[in-house]
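So the structure is just underneath, and the comments pick up after that.
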Amino acid sequence: MPIIGCIADDFTGGTDLANNLVKSGFRTVQTIGVPDTLPEDVDAIVIALKSRSIAAETAIAQSLAALDWLEGQGFEKFYFKYCSTFDSTPQGNIGPVAEALMHALGETQTVFCPAFPATGRTVYQGHLFVGDTLLNESGMQSHPLNPMTDANLVRWLAHQSEARTGLLPAEVIEAGEQAATDHLQAMNADGCPLVVTDTLSDAQLTTIARASRHLRLVTGGSGLALGLGALYEPPASAPADLPKAHGGALILAGSASQRTREQIAHAREHMPAQAVDPLSLAKDFEHTIERILAWAAPRLGAPLLIHSDTRPEIVEQAQHELGVTAAGELVERALAALAERLVARDIARLIIAGGETSGTIVNTLGIHSLRIGGEIDPGVPWTFADSNHGPLHLALKSGNFGAPDMFTRAWDLIND
Ligand code: ADP
């Protein structure tokens, strides 16, 4: 029987979660949207949606449709996955989607556990840290779509919901599974359905997973999945042995996140790179694409980098002149057009940086499911997929994930 049915609010997050489920021993498949049929021999499935930054009502409708399908397939535990930096606005979509899923399952409480200590995301006193820095000082305060201007998740979640929000504190988690379960149940009895969990270590992730075993729905980043292995003892799985890669290598980066900026700066010293400027796209989309393709054509023999120009003054100007959503969509559409044309040509290994960016590109390439392979860096596995243009090695990287040298180091893991 299938065990864990997951709904991820973006595609890189879905891959990150699938990667951790595999590490926990679950035989896992990631699908892009609700699949037609349940693949054979899977313990966990991750349905990746692109619902992070759309209208809350649409995100709710898509998530409920995914839940309905998962329930119909007999899954017993449900997991709503969002970013470990809690990417959302005061309107949602994390709170509204979680509440809708909770009510659809007839549940009265769920937990919010974004932490993933291995990637530096911890939560203490309800405040989310990226490394040693509060979320709202980590660069996330200037995210183009979901600026995180408050690190206090209990407060942030309260903006998104009419229901009460509360905290499962680190001290209680440290006291063990029973103490944490008792605390959750006392909060439930007291009418507090939405509970943010502190998390300081991977060991605490396991305690949280165990303490919330009575909840049919849990929500969080991918870290909590590491704790679920201890709960279900799945039949041990290994990352798929992906075929060796042949063909050109390309990085498409649409993320403006701090870590992606560092990766771009490092890669620019080692490979040819081109920046895409949203205002020239707005002025003449086709001409800008053609110019970049002409630049890429003679260079396809070695890894290439094409990235959005994310200097703060450029982002600000583009958003001011075009609007936040339109500017973001324009950049995504441009990178997707480049992906389509270059994969049709020779590219067979593709790294995409950015959750929204990955969503648009993967949809454009007609990809429906991903096999999870070996990990490049925590949260970023190589995957293998069928695209409109044939088989493709693909790494979908959330903006803030991966070491600074990831763009130069990743290829060795799949090359002949
Ligand atoms: P992350 O994983 O870092 O959140 P995303 O791809 O999810 O990255 O989000 C970044 C968003 O910012 C995308 O919609 C992208 O198109 C948009 N974007 C990137 N560069 C610019 C820019 N120069 N101006 C405006 N928006 C931009």
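What follows draws every value from the coordinates through simple rules; no lab data is involved. Quantities reported herein were computed from a predicted structural model and do not represent experimental measurements. Reconstructed Cβ throughout: ideal geometry from the backbone, glycine too, with neighbour counts over all protein chains shown.
Relative to the 2.2 N^0.38 Å rule of thumb, the chain has a C-alpha radius of gyration ratio of 0.94. Taking one quarter of the surface of the convex hull spanned by the alpha-carbon atoms of region 204-277 gives a direction-averaged projected area of 9.0 nm². Select from region 1-78 those GluC sites (Glu not before Pro) which occupy a DSSP coil region and have at most 10 other Cβ atoms within 10 Å, ordered by residue number. Hits after loop and neighbour filter: Glu40. Summing charges over neighbours of Thr199, with a neighbour being any other residue whose Cβ is under 12 Å away from its Cβ, gives -2 when K and R count +1 and D and E count -1. Summing Lys and Arg as +1 and Asp and Glu as -1 over all other residues whose Cβ lies under 12 Å from the Cβ of Gly366 gives a net charge of -2.
Alpha carbon centre of region 229-282 versus region 135-198: separation in Å? Region 229-282 and region 135-198 have Cα centres spaced 30 Å from each other.
For the residue pairs Lys244/Lys283; Lys77/Lys244; Lys77/Lys397, the C-alpha atoms sit more than 31 angstrom apart in Lys244/Lys283; Lys77/Lys244. In this calculation the C-beta distance from Asp182 to Asp416 is compared with R0 = 56 Å, giving a FRET efficiency of 0.50. Given region 324-380, report the % of alpha carbon pairs whose separation exceeds 13 Å. For region 324-380, the fraction of Cα-Cα distances above 13 Å is 65 percent. Would you work out which of Ala240, Gln178, Ala410 lies farthest towards the positive end of the dipole of the chain? Charges go on Cβ: Lys and Arg +1, Asp and Glu -1. Farthest towards the positive pole: Ala410.
What angle do you read, to the nearest 10 degrees and between 0 and 90, between the alpha-carbon axis of helix 11-23 and the longest principal axis of the chain? Taking the Cα atoms of the chain, the angle to 11-23 is about 60 degrees. Across region 362-367, computed HN-Hα scalar couplings (Karplus, 6.51 cos²θ - 1.76 cosθ + 1.60, θ = phi - 60°) run 4, 5, 4, 7, x, 8 Hz from first to last residue, x flagging Gly and Pro.
Counting only DSSP beta bridges whose two residues both lie in the chain, roughly 30 percent are antiparallel.
Please list, by residue number, every one of the GluC sites (Glu not before Pro) in region 283-359 that is coil in DSSP and has at most 11 other beta-carbon atoms within 10 Å. Answer in residue order: no site qualifies.
Helical runs (DSSP H, four residues minimum) scored at -39500 (n - 2.57) apiece and divided by the length of the chain put the mean residue ellipticity at 222 nm at -11500 deg cm²/dmol.
Inverting the pair-averaged 1/r between distinct Cα atoms of region 4-232 gives 17.1 Å as its Kirkwood hydrodynamic radius. Backbone geometry of region 297-309 corresponds, through the Karplus equation with coefficients 6.51, -1.76 and 1.60 at θ = phi - 60°, to 3J(HN,Hα) couplings of 3, x, 10, 6, x, 9, x, 10, 10, 10, 9, 5, 6 Hz, x marking Gly and Pro.
In order along region 401-416, the phi-based Karplus estimate (6.51 cos²θ - 1.76 cosθ + 1.60, θ = phi - 60°) of 3J(HN,Hα) comes to 9, x, 6, x, 9, 4, 5, 9, 8, 4, 5, 4, 6, 10, 6, 4 Hz; Gly and Pro are listed as x.
In a simple Cβ point-charge model (Lys, Arg +1; Asp, Glu -1; nothing else charged), the chain has a dipole of about 560 debye relative to its Cα centre.
Counting only Cβ charges, +1 for Lys and Arg and -1 for Asp and Glu, the dipole size of region 57-122 around its Cα centre is about 300 debye.
Put in line by how crowded their Cβ is, counting other Cβ atoms within 10 Å and starting with the fewest, Thr197, Thr110, Thr165 read Thr165, Thr110, Thr197. With only the Cα atoms considered, region 58-101 has a convex hull volume of 67 Å³ per residue. Compactness of region 248-415 is given as radius of gyration and Dmax, 14.7, 43 Å, from Cα positions. Nearest 20 debye, what's the magnitude of the dipole of region 248-415 about its Cα centre given +1 on Lys and Arg Cβ and -1 on Asp and Glu Cβ? Around 360 debye, computed over region 248-415.
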